[in-house]
Every structure is written in structure tokens, then in C-alpha cells.
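Working notes, beginning with the structure itself.
Rule-based calculations on the coordinates, nothing more; no lab input. All figures in this text were calculated on a predicted structure; none of them were measured in a lab. FYI the Cβ positions are ideal-geometry reconstructions off the backbone, even for glycines, and counts take in every protein chain you see.
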Amino acid sequence: MKKLICTLAVAALPVGAPLGQDAYVLGVSAAMTGPVAGGYAPVVDAMRAYLEHLNGKGGINGKPVKLVVLDDQAQPSRAAANAKQLVNQDKVVMLLNTSLSSTYAPMVAEAKRTGVPLYYAGSVCPKDTFPPADPLQFCSTAFGATLDSQAALAFVKDRAQGPVRIGFAAMAIPVSRGEIDYAEGLSKTLGMTPVDKQITPPPTPDYTPFATKLKEGDPNWVWSWAPWVAQVRMFEALRRLGWEGRYITWAHLNAEQELERIRDGELYVIGTNAMLEDNLPVHAEIRAVAARANLQHPVSYLTEGFVAGMVIEQALKKTAWPPTPAKVQAAMSSLKVDLKGLRGAPLEWTLDNHFRTQQHYRVWRWDPKANRIVRAQDWKSIDVKP
Amino acid sequence: MQLAVNIAVLGSIYALISCGYVLIYRVSRVLSLAHGELMMLGAYGLYATASLFSAHPLVALAAACALGLMVGVAVYFALMWRMTGESVLAAVLATIALGILLRGAMILVFGTQTRHPLDELGWENASHELWGGARISTVGLALLACTALVYLGLFAFLRATRWGIRMRAAGQHALLAAQRGIGLHGVYALAWGLATLTGGLAGMLLAADAGLEGTLYIVGLKAFPAALVGGLDSLLGALAGSLIIAGAEVLLIHYVDPLLADVVPFIVLLAMLIVRPWGLFGTREELDRV
């Protein structure tokens, strides 16, 4: 009988007791596996390695940080289940999303229902993080819709020596198409001639038919803002068709490695994260942390995750113990993070701006003569306005 | 002229993939929905052998092809032979489960990073000028050559060799074939092996052209309408269906809207299902409702 009572008592204990009463518990829903994992898993792994490194040095405010990572395979239904588990079972004080934009809605709903702040680390920053920002949503991801096209087209205008006939390439996903539609309109206001726009489905077995059409428009520049595979395969298909123009595209996690693989002097990548080529002191730190955590990703893929780790560190430093979601949200709503040169300026969040107050862009290309990656443009800033 | 080259290359991709669907269906009446994943496995096989034998690219290629053949045979004996005599639906579900398993396993083993087997082999995907100003890549040429060789080889194999005739017999009437002493399991295993080899070859060439990542299996599904349009039990049909789908896709991208590229194979397929559900060259009696 005693045995039965003990068994029932154990069974009645809450399954989801908090993972650590004595730790800052954060919960991530991320595309760790599945078709798009290549763009997200390195961010989470780098962030986790950074926080483990912090824990090794005594944690934050003397407390360790516990990161609960759940895989959503970029599926909204899994993200919804993850968000519920993280909030109700793991009692996290901050939710993080590192996945496709299709997973946002269920996580936002859970964040709003429970008042837990939601931080997009490595996933596209939604409009709700731009001013006037939603009080619960924050984002540190490098790319920013509309701003990226403004910066890229400004670079094209500076660089071009004659009239610009510009082509566009996007992937058939809402965020990419929206950006390229915006860029097409913007190019006209800058005096450029938009000649063609190709939107490729994900995935496409052969990009040559799309590139053939784009080449027929005879562009001397092409701007592409899409997942890396669509950007680079369109460029490679254009080159194989004999196109000799200049191509500018977004610097995703693998841009540095890819520039070195492709070695084309007229392929430009624009981004807001410094590259390993810049050889900053913080890069030595990234290398050391990656080696200690035995990360399998190339070191050049880890900057975005490191930035997220630094942001979390700063936000939790400002959160007095014991942490609550409300305290974390208050800390995040007024935050300035020194990114040690990984970006053009410190990342700053204010009460109504949860993206950043300024966005700084650099442009790189492969220099065939020097046989290395070089800067085509140093930091240039754009103010982020309401 | 460039459009004709584009149609030929895209048609070759679809034809190389869809002949696997046809081989398995024609011989064993099983619709393999793991074909895309097996195709991707073939590509990862090339990446693995290219890393092992980087100084000997031809050895790596041959090893990857042999691996593809063996994997197909192994899949049959490990999983599909248990489906013999079960309902069509059970076999289809088994292939779906196999596909999910393979997808997960490949990410676990090879990670999420894009791989470039061609770089490992030390080969370059150059561009070649053809007549009329059209251009084609080295991999495009390889695709055309491989597709021609595979189809000619399969036609010859099925008509002129003992095992080929056994495969046709098993496909026409399994019970009668078995009563005549044909070992059905051997024939089915060979069909799975050949299908995985040809699908794997398509995966290898696609990965050589554009790099290898976890979305490659979806291309396998894009070739499925080509097999259905041509007729699921006809190799000639797979070839014709592939060219029709590729032609429609390339022409619509060029003259109408690139966004139609994703839906046009299925529009053609729907039209075919309405007009001639057994496909252009398929056998009318062979339709099953699943």
C-alpha cells in the first residue's frame, strides 16, 4: 500500500518542473533539422557555445544561463507546440525564434498570452520589431527588409560609371519577393532602369531557364535578396550563359566561404556583420569558443550566433535576480550592446525600436589579383526611422 | 536555341529521376515515394566517396554508383520484400516512412552545411559554347550523355538480356512468372537497385552542378508528374513525359511568368489525368485506386 501511495505521489508531481530554479532559463524554437536548417542551426550552436563559455566563467550575475533548444524543422505546428512547452513546462523567461517566418505567428501568440518576450535571433526581423515596436518582440538578425535594398542600390549607384540597367532575383517566398518588389520600385527613384525580375521556386533543379530570361534583359547589375542557394545559383547560371555584369547579393552566414569558392571579382556581397577577413580581436575569441565547444560549422558561420549571445548576456546582466519575463522585457527595452566590432556600431534597442537605431553596411568581393576577399565599401550607415 | 538546350537539360534531369519511379512500378507495382530521398542519398554517396578518393575522381564516381546500386538492393531486402502480398497502400506508406528516416539520417551524418562534391573531385563545371550562341555547362552535357546512356542501356537490358526479360515477365504477371521459376525477390531487388542507381546518378549530377543540401529530395518529387504524364509503367513514357514537362516549364518561364515554373508540372499532370489517366504510353488496365 505504501509503495502504491509513493508511486501515485511521484506520478502526481508536475512533469514540467522548471529546468533550473537557480538559472536564467531561455527557450529556443529553431530549425535545427529539416530543409532550411543550414541557415539556422549554426546560429543556435554558436549562441549555445557562447553561453556555455559564459557559464564556465561564472555565469551572469553569478547565475548560470540554461538554454532549452527545441527543433521545429521550420514547421509552424511544431513551433506552436515548442512555444507552449517552453513557457508552460520549462518556465522560460525569454523565448527565442531561429527559424522561418512561417513559425512566427504561433510563437507571437504564446508570447502575448503569457507576457514572455520573444527574441528573433538569426531569423528575419518582422515589422513588429521596427519602430513603433511591439513591446514583446525584439530582433538582432543582421538583415533588415527595405534597408538592405536601400544600402545595396546606393552601393550600385556609387559604383556604376554609367547608366544602370538592373535585374532582380528573388525566391518565391513572401519575404524575398516583398523585398525585391520594393527594390524594383526604389531603383526607378534612383534613376536606374529595372530590366527584369526573376522569381525562382524553392527548390529549382536548374536555374538556367530563369537566368536565360534575366540575361535577355541585358542588365549590367543584378541585385538578389533571397536564401543563399537562390542568390548564388542564379549568379552561377548567369555566368555560364556568358553574362559579364556585376552581381550584388546579401551576405548570408556562408558568404565568406562562398566568395572564396566562387572567386569571381564582380560578385559583391553586402552585409552588416564583419567577416573573419577583418581579423578583429573578437574573432580570436569566436575561434577559441568554437574549438572548445567542438562546433562542426566553419567559424565564419558563427558571427550571428555570437551577436545573439552578446545580446542575451547584456539583457540578463540588467535583469535583477530572481528573473521574471517582465523584468527581462524591461531590460531588453532599453539596451545597448557593444558588439566589439562585429557590426559597425553597438546594437541599441529603445522603448519603441526593437530592431536597432542605425544599420551599418559593408560590401565585400573576391579580389582575383590579391587572391583574397577585400572590402569594396566600408561601413555606411542608414538611420532606422519610424 | 538556348531555350532548346534548356529544355533538353531540364528534361534530362526529370528523365533520369523518373525512370526510377517507372522501373520500380513496372516490375513490382510499388509506387516509391522515397525516390527523392534515395536520389539525395546517391548524391551524398558521391560526396563521401569523393572525400575518400579525391585523387581518383573516376574511382570515386564508380564507387558512388556501386553504392547506389547496393543501397537499392539493401532497401528491398531490408524493407520492401516484407511488403510482398500486402496492399498497395501499405507498400506506399512504407516508402514514405523510409523517406522520412533517410532524410533525418542524412542530416545527422552529413550535417546541414552545403557540400560541393565537384570541388572534392577537383573538377570544374565550365561553360561551353554551342552553335547559334547557345551555351551549356559541363554538368549539363554530362546530364544529356548520362540520360541517353541510361535509357539506351535500360532498353537493351530489358529486351536482350535474361534478367531483363525476367523483369518484364515479373512486371506483366508475377504469379505466372514465379510459376515459370523466376525468382521474384531477385528481380524486384534488381529493379530497386537499378532505380536507386539511376536516381542516385541524377542526384550526383544535380549536386555537382549546384551543391548538395537537404532540399535536394524535393526535386525528386518534381519529376514525379513526368513519370505519371508519360505513363507509370513505360520507360518511353517517362522520357516523353519529362520532355513535355520540361518544355512547358521552360517556355512558361520565358514567355509568361517565372512563378508558373512550380505549378506547371502539376497543371500538365491534372490535364493528363482528366484526358488520359493512364498516361501517354501507360497501360490502361494497370490503374489502381489508392
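Numerical summary
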read-out: Whether chain B is rounded, prolate or oblate, judged on the alpha carbon gyration tensor where a/c under 1.5 counts as rounded; value: oblate
read-out: Alpha carbon centroid spacing (whole Å) that separates region A:352-386 from region B:133-196; value: 54 Å
read-out: Residues A:Met234, A:Met32, B:Met70 arranged by fewest to most Cβ contacts within 10 Å; value: B:Met70, A:Met32, A:Met234
read-out: Degrees, to the nearest 10: A:104-114 long Cα axis against longest axis of chain A; value: 30 degrees
read-out: Label point distance in nm, B:Val88-A:Asp278, each placed 7 Å from Cα along Cα→Cβ; value: 6.0 nm
read-out: Helix-only CD estimate at 222 nm, as mean residue ellipticity for chain B, using -39500 (n - 2.57) per DSSP H run (n ≥ 4); value: -24000 deg cm²/dmol
read-out: Only Lys, Arg (+1) and Asp, Glu (-1) charged, at Cβ; region B:2-286 dipole about Cα centre in debye; value: 1020 debye
read-out: For B:Ala177, net neighbour charge (Lys/Arg +1, Asp/Glu -1) across residues whose Cβ lies under 10 Å away; value: +3
read-out: Order of B:Ile13, B:Ile267 - criterion: other Cβ atoms within 10 Å of each residue's Cβ, fewest first; value: B:Ile267, B:Ile13
read-out: Residue exposure sequence - A:Leu342, B:Leu149 - by fewest surrounding Cβ within 10 Å; value: B:Leu149, A:Leu342
read-out: Phi-based couplings in Hz for region B:111-128 (Karplus 6.51, -1.76, 1.60; Gly and Pro marked x); value: x, 9, 6, 5, 10, 10, x, 5, 5, 4, 7, x, 9, 10, 8, 7, 10, 10
read-out: Charge sum, other residues only, whose C-beta stays under 12 Å from B:Arg168's C-beta, Lys/Arg counted +1 and Asp/Glu -1; value: +3
read-out: Kirkwood-type radius of region A:42-198, with distances r between different C-alpha atoms, in Å; value: 18.0 Å
read-out: Structure-based [θ]222 nm, chain A - -39500 (n - 2.57) summed over DSSP H runs of at least 4, per residue, nearest 500; value: -11500 deg cm²/dmol
read-out: Most fluctuating residue given options A:Ala142, A:Ala345, A:Ala109, as computed from a GNM of chain A linking Cα atoms under 10 Å; value: A:Ala109
read-out: Centroid-to-centroid separation of region B:85-109 and region A:25-59 [C-alpha atoms, Å]; value: 30 Å
read-out: Net charge of Cβ neighbours under 15 Å - reference A:Ser99; Lys, Arg +1; Asp, Glu -1; value: -4
read-out: Cut-off under 5 Å, modelled amide H: who pairs with A:Val28 long-range; value: A:Val68, A:Val69, A:Leu70, A:Leu96
read-out: Estimated FRET transfer efficiency when R0 is 22 angstrom, pair A:Asp158-A:Ile382 (beta carbons, to 0.05); value: 0.95
read-out: Gain upon complete extension [A:Arg375, A:Asp338; 0.36 nm per residue less C-alpha separation]; value: 11.1 nm
